[in-house]
Amino acid sequence: MSHISSIVFDKHERPLRATIRTRLGPVKVVWTDVCGDRAWLTSGVLDAKKLALLAIQRIERMAERL
């Protein structure tokens, strides 16, 4: 299970960065523009990143509805 600790949005109300807390440690997520497409990069322990995946997808679904 993971919990979204914080989310920062850009001026277009798209996710810019987030911190997700997992039982294996925190995961920092940064969204960026790669050749016109939005992509996200993570930092943290590999197993914690795997646990954070559902929370990252939840953030992206939430942002699509804005």
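All conditions in (1) in a loop (DSSP other than H, G, I, E, B); (2) in contact with a Lys or Arg (Cβ under 7 Å, 6 or more places away or on another chain) hold for residue 13, with the sole exception of (2). Number of residues in the stretch 31-50 that are touching a strand residue (DSSP E or B) at 6+ places or on another chain (Cβ under 7 Å) and either acidic (Asp, Glu) or closer than 18 Å to residue 61 by Cβ (or both) equals 5.
For the stretch 54-65, a tally of residues being at pLDDT 95 or above, within 19 Å of residue 14 (Cβ to Cβ) and among the hydrophobic types (A, V, I, L, M, F, W, C) returns 3. Between 45, 29, the distinction of being touching a Gly at 6+ places or on another chain (Cβ under 6 Å) and of a type in the set (Val, Ile, Thr) belongs to 45 only. Residues that are touching a residue at least 40 places away in the same chain (Cβ under 8 Å) and over 14 Å from residue 63 (Cβ atoms) within the stretch 1-30 comprise 1, 2, 3, listed in sequence order.
Within the stretch 34-47, at least one residue is in contact with a Leu (Cβ under 6 Å, 6 or more places away or on another chain), assigned to a helix (DSSP H, G or I) and either among the aromatic types (Phe, Trp, Tyr) or modelled with pLDDT of 95 or more (or both).
The values are calculated or read from the model by the stated rules, or taken from the named source; none is laboratory data. Because the structure is predicted, anything quoted here is derived from the model rather than measured. Note that we place each Cβ from the backbone using ideal geometry, even for glycine, and neighbour counts take in every protein chain shown.
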